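Just so it is clear, none of the values below were taken in a lab; they were calculated from the coordinates. Not measured: the values here are computed from a predicted model.
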């Protein structure tokens with residue numbers, strides 16, 4: 001197996017729309033290109049309607065550009081400062097998967113967009129409850145977005161949401177155990193409602209045979225508000241059909257941190273999908289932690305930032321990848337007052353990387369910052385189908 005292609009970064013400024021688009025472009029010698037983009041706005045004085053209009057015009061500009069030629073927009077996530085009042089300003093019909101999360105961007109704008117394009121993909125219009133199906137090569141990629149429940153408390157809602165996901169996958173003869181790759185679980189009031197969520201998730205995983213002896217899935221469990229006021233928990237999920245069992249592996253970095261089950265949670269630190277021409281590496285929400293599961297550098301934002309990056313680097317190394325292979329990065333901050341320090345640090349270390357920094361407290365108060373990312377690493381492996 002050889003590695004010879006890396007992610008290329010590109011920036012597009014559209015001054016008349018007050019927008020900047022930062023892109024990562026993975027273009028193999030053969031096979032499909034992938035593009036991740038983060039679109040940010042620079043005029044916070046505009047109304048929500050004006051900002052969303054400018055953002056969507058910038059997305060149209062990107063979709064029509066040579067950068068995304070023959071590529072299909074399959075996924076987007078809007079980070080909104082006030083989703084209850086802002087989501088209805090979006091188009092009534094948008095192709096591809098759409099995620100809306102109440103996590104205010106900390107650059108003072110009301111909205112930021114993460115988008116993802118795959119060259120040659122097709123979006124399946126078949127109706128599967130709560131899902132968008134994307135066909136490409138030998139695989140079907142299933143995106144569930146905005147899974148929510150109106151039942152009882154956070155425990156009841158989480159149990160219901162995971163059951164919805166399982167039921168939806170079973171419509172395609174799929175299930176959580178073999179096909180679910182990653183989840184994003186958003187908890188309103190994470191400091192008080194997180195424990196009920198993790199209890200319900202663990203019980204569902206036990207039920208379907210996901211344990212610390214088998215495997216879990218990559219995940220982020222973080223503060224986030226829904227478009228529905230009574231939704232304490234909601235979820236996005238990514239699954240893949242067509243993979244062989246040995247195409248999936250898991251990252252642990254035991255010299256930096258302990259297994260998540262040591263402190264009662266059930267997710268993988270990172271998940272790798274090996275295709276014939278590349279690896280997709282999904283790094284879960286990662287904070288400044290040690291091998292005992294304790295917070296490293298309490299109350300110190302930059303040391304926690306540095307420790308978290310070192311931990312992600314260790315996880316990527318297990319997948320024969322580096323920080324230069326990161327295609328997109330999301331940064332969650334507990335305290336908006338830390339934004340300037342963190343933004344300056346990251347702009348110095350990763351100036352070209354598509355990234356978004358949002359206000360979203362982590363599941364433990366001592367953690368001031370959390371990162372997640374997706375990396376793409378080139379390989380040549382004739383055993384598996386290309387992506």
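The figures follow:
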read-out: Diffusion coefficient, µm² s⁻¹, Stokes-Einstein with Kirkwood Rh over alpha-carbon pairs of segment 111-212 at 25 °C and 0.890 mPa s; value: 161 µm²/s
read-out: Square roots of 5 times each gyration tensor eigenvalue, C-alpha, the chain, largest first, Å; value: 26, 25, 23
read-out: Mean projected area (nm²) of the alpha-carbon convex hull when segment 1-97 is viewed from all directions; value: 7.6 nm²
read-out: Estimated D of segment 272-334 in µm² per second, where Rh is the Kirkwood radius over Cα pairs and Stokes-Einstein applies at 25 °C, 0.890 mPa s; value: 189 µm²/s
read-out: Residue-averaged [θ]222 nm for the chain, counting only DSSP H segments that reach four residues, each worth -39500 (n - 2.57); value: -7000 deg cm²/dmol
read-out: Viscosity 1.567 mPa s, temperature 4 °C, Stokes-Einstein D of segment 186-314 from Kirkwood C-alpha radius, µm²/s; value: 80 µm²/s
read-out: Segment residue 246-residue 383, length gained on full extension (0.36 nm per residue, minus Cα span); value: 48.3 nm
read-out: Cα point-scatterer Debye curve for segment 248-387, base-10 log of I(q)/I(0) at q = 0.09, 0.16 Å⁻¹; value: -0.27, -0.82
read-out: Long-range Cα-Cα pairs in segment 343-387 (distance over 14 Å), rounded percent; value: 67 percent
